[in-house]
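The values are calculated or read from the model by the stated rules, or taken from the named source; none is laboratory data. Computed from a prediction, not measured in an experiment: that's the story for all the values here. Cβ coordinates were reconstructed from backbone atoms using ideal geometry, including for glycine residues, and neighbour counts include every protein chain displayed.
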Amino acid sequence: MKRASISLLSRLSRHKSQNFIPIISKYYISDLASSSSPLKPCARSHGLIVRNYPYQTNPSHKMTTLVENPLQLSSRHRKTKEKSDLEEAFESAKTSEEMLRLFKLMEASFDESELGLASLKIGLKLDQEGEDPEKILFFADRALKVLDKGDNTSRPPFLVAMCLQLMGSVNYSLKKFNDSLGYLNRANRILGSLEGEGLGRVEDIRPVMHAVQLELANVKTAMGRREEALEHHNKCLEIKELTLEDDSKELGVANRDLAEAYVAVLNFKEALPYGLKALEIHKNGLGDNSVEVAHDRRVLGVIYSGLEEHQKALEQNELSQKVLKNWGLSSELLRAEIDAANMQIALGKFEEAINTLRGIVQQTEKDSETRALVFISMAKALCSQDKFPDTKRCLEIACGILDKKETVSPAEVADAYSEISMQYETMNEFETAISLLKRTLALLEKLPQEQHLEGSVSARIGWLLLLTGKVPQAIPYLESAAERLKESFGPKHFGVGYIYNNLGAAYLELDRPQSAAQMFAVAKDIMDVSLGPHHTDSIEACQNLSKAYSTMGSYTLAIEFQQRVIGAWENHGPSAEDELREARRVLEQLKSKASATTINQLPTKALPLPLPLPHSNLSGQNSQPGISVNRKLTSSI
């Protein structure tokens, strides 16, 4: 995209006229007709002005030849020529070093108001080459101050949008997310207006619009606003569909990128059609042995695992491995083999998984992150067989490796610690699990783009503290998790519902039934929307709300919600006969209590998160056995 921006800008600003034109886009020459630029096209007078007088009929006697300040005219012409030569040399420059050298010379000859486009070109070139963001910011800001000066009739809006996109991109690199968002939103408005009003060439506007949408998705992801980021990912695909051929490789990649974005928020159902579309495009255009096809299949393996269709996931993984072997991509092949082992674990093929992992460990370096992941997966297989001593040995080896990688790969190590904590949790080693999660949280707090993971880890710590009876300590973690995850996934995400349910259980344990009722009501509302009112966890939230009202002595409301519980279980049919029987028994107790009779204490259930909330990339290990969520294979969308 950066290379495309440079190419587009060069095309817009290419100088072809024999007369000198100030350094500004030729594409917007009509916009500049009324500008106050001090440089105008200069006629060829060569310093000699021939004046025609009325009596010029006899040139031998009546023609006067005047030389008006010849030195001044010659100097003016020479300066104009020097500027023209500098402009042409700058346009022809291929490297950033050459552009910067020429720009330094231009600063001595041009006014600041004439250097806007040149500053923009240098900024884009430096950005393309991955230079220091502060250096890029200097030129981008300088360009914006020039090109964004004046009213709408005297500035080129498309170039302003390009400046704003670059400013947004570099501020994102500097982790100034709010500033980045401001620039990108304005660029988006300008481009939308240009396209809507037909004021520019669509083929020029759309590439920049795509870059803006992609940056908006990245910024909002970094700010934890992942649901909003999905809107921009969808817009990116729409633009690609309008600009690319149906069988374009790049269009296939765009579909895969959108699938990965949905995976990141655990929306596997929405991710599936885009993953399948990517595979279809790449198979038709590149063949079954394409690396792109292998990448598509690997993402589909993650999606099918998330949908708990583990056999389909394993099939995709095996097909992907064949291609990776053919291409000799050993590093990616190792990750795919680890994925396969996790899928085997999910299918209950524990010995087969262990044998797979033993083969992989021999191919890894002693202190590599890949080796740590192998031991984590092996621990998972051993833990599933209740071989706890062997499980702990594997986890200790993994932790020993990861401890050395905290400063190098903090996000990856945090993912791994989170997965290890789940194994200790399975073995009822809750203190060790909590300790590891706190280490995870300490790493994530230094990574603002991992806010969603920070919320997930806080939620898990709160839940474990709740389970171990440390209720007062649990509440701050749960409250923090709720706020972070609302910002990341929106207020109606099912994960937020689980946290509010657990907050309700905590408040009820502390004998604060009114606060508990508020939390349970919020949890029920969220779960009804995200999971449906007949989902078992939605029913449990409703049951807990009934309990809270009963504790408060509000029996009318308690009975009303208990009746809803009964209605929901009835929709499950014969499979929920035991639950329905218990719900009816509780209803009778509530009616008795309402009539001033004794009611037995109804236990309040704290609901664990069924999965950890999603990773920022396809990375680390998913909490659900057998699901391996791997780091994104490509770095650009």
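A few notes on this one:
- Helices (runs of 4 or more DSSP H) contained in the range 123-211 and holding at least 2 residues touching a Phe, Trp or Tyr at 6+ places or on another chain (Cβ under 6 Å) and crowded, with 24+ Cβ neighbours inside 10 Å: 157-173
- Single condition Ala596 does not satisfy, out of (1) farther than 28 Å from Trp463 by Cβ; (2) in a helix (DSSP H, G or I); (3) modelled with pLDDT under 90: (2)
- Members of the range 213-257 found to be among the hydrophobic types (A, V, I, L, M, F, W, C), closer than 27 Å to Glu454 by Cα and modelled with pLDDT of 90 or more, listed by number: Leu214, Leu216, Ala217, Val219, Ala229, Leu230
- Test for Val293: is it crowded, with 20+ Cβ neighbours inside 10 Å, in contact (Cβ under 8 Å) with a residue 40 or more places away in the chain and among the aliphatic types (A, V, I, L, M): no
- Candidates Leu300, Leu216, Leu230: the one that is buried (at least 24 other Cβ atoms within 10 Å of the Cβ) and within 14 Å of the chain's Cα centre (by Cα) is Leu216.
Conditions (1) in contact with a Leu (Cβ under 7 Å, 6 or more places away or on another chain); (2) over 22 Å from His210 (Cα atoms); (3) modelled with pLDDT of 90 or more, marked per residue:
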| site | (1), (2), (3) |
| --- | --- |
| Ala259 | no, no, yes |
| Ser290 | no, yes, yes |
| Val293 | yes, yes, yes |
| Gly301 | no, yes, yes |
| Glu318 | no, yes, yes |
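- Some residue of the range 551-573 being part of a helix (DSSP H, G or I), in contact (Cβ under 8 Å) with a residue 40 or more places away in the chain and within 30 Å of Ile461 (Cβ to Cβ): yes
- Of the residues making up the range 420-427, none is without any contact (Cβ under 8 Å) to a residue 12 or more places away in the chain and either farther than 30 Å from Lys220 by Cβ or not in a helix (DSSP H, G or I) (or both).
- Test: residue in the range 573-594 that is surrounded by fewer than 16 Cβ atoms within 10 Å (Cβ to Cβ) and closer than 30 Å to Ala217 by Cβ: no
- Taken residue by residue, the range 348-355 has no member that is of a type in the set (Val, Ile, Thr), closer than 24 Å to Lys312 by Cα and buried (at least 23 other Cβ atoms within 10 Å of the Cβ).
- Test: Ser488 is crowded, with 22+ Cβ neighbours inside 10 Å, of a type outside the set (A, V, I, L, M, F, W, C), touching a Leu at 6+ places or on another chain (Cβ under 7 Å) and part of a helix (DSSP H, G or I): no
- The residue list Lys404, Lys446, Lys438 contains one member that is surrounded by fewer than 23 Cβ atoms within 10 Å (Cβ to Cβ) and free of Cβ contacts under 8 Å to residues at least 24 places away in the same chain, which is Lys438.
- Taking (1) at pLDDT below 60; (2) within 41 Å of the chain's Cα centre (by Cα) in turn, Gln601 satisfies each apart from (2).
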